[in-house]
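Okay, structure first, notes after.
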Amino acid sequence: HPGLHACGCQAPRGYLVTACSQTENDRPLPVEYLTAAILQPSCSQYVCHSSFSRANGYVFDTIEESRKSLKTIVTAGDPDSFLLQVLTRTVKRMPYDSPLPNKDIELIQDWVLAGAPGLSTPFVRGEQ
């Protein structure tokens, strides 16, 4: 498919290439990055967790809405947070139509285990 990278991500060719081709998951951890790089493109489609549809009350199309939603499904430092459960379960794994790549799930797990930087307050450089 012309719009897909070899790794399977759906970003237009030329975008997110560094994220797709990394051997180490050294992307930033703050919620602002996770929202822009993973949650917005993967979870906030019109019929899912957008400001319009608000499936199950979760919205991931803006950083502020993402922060509000994540506060209800993430406990900083808890590997059993609900968000991690829905991303890794084998039945009804999210997103339904195209589950996140393992690299993205690992980054979200790292974020949760690192204390969920930026979840309570906007991330400030140097805090990570």
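The values are calculated or read from the model by the stated rules, or taken from the named source; none is laboratory data. Values in this document were obtained by computation on a predicted structure and should not be read as measured data. Every residue, glycine among them, receives a Cβ derived from its backbone with ideal geometry; neighbour counts consider all protein chains shown. Calculation scope for accessible area: heavy atoms of the full protein, side chains included, ligands and nucleic acids excluded. Shrake-Rupley method; radii C 1.70, N 1.55, O 1.52, S 1.80 Å.
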Does region 87-96 include one or more residues that are open to solvent by less than 50 Å² (accessible area, probe 1.4 Å) and either in contact with a Ser or Thr (Cβ under 7 Å, 6 or more places away or on another chain) or modelled with pLDDT of 90 or more (or both)? yes
Listed by first then second residue, the pairs whose first member lies in region 84-105 and is over 14 Å from Cys43 (Cβ atoms), whose partner is part of a loop (DSSP other than H, G, I, E, B) and open to solvent by less than 50 Å² (accessible area, probe 1.4 Å), with beta carbons under 7 Å and at least 6 positions apart or on separate chains, are Lys103/Asn25
Yes/no for Phe82 being aromatic (Phe, Trp, Tyr), under 15 Å from Val31 (Cβ atoms) and modelled with pLDDT of 90 or more: no
Condition first: surrounded by 16 or more Cβ atoms within 10 Å (Cβ to Cβ) and among the aliphatic types (A, V, I, L, M). Now tell me which residues in region 56-75 satisfy that. Val59, Ile63, Leu70, Val74
Any residue in region 99-111 that is assigned to a helix (DSSP H, G or I), of a type in the set (Asp, Glu), touching a Leu at 6+ places or on another chain (Cβ under 7 Å) and open to solvent by 10 Å² or more (accessible area, probe 1.4 Å)? yes
Which condition number does Tyr46 fail, the rest of (1) over 15 Å from Leu113 (Cα atoms); (2) open to solvent by less than 70 Å² (accessible area, probe 1.4 Å); (3) in a loop (DSSP other than H, G, I, E, B) being met? (2)
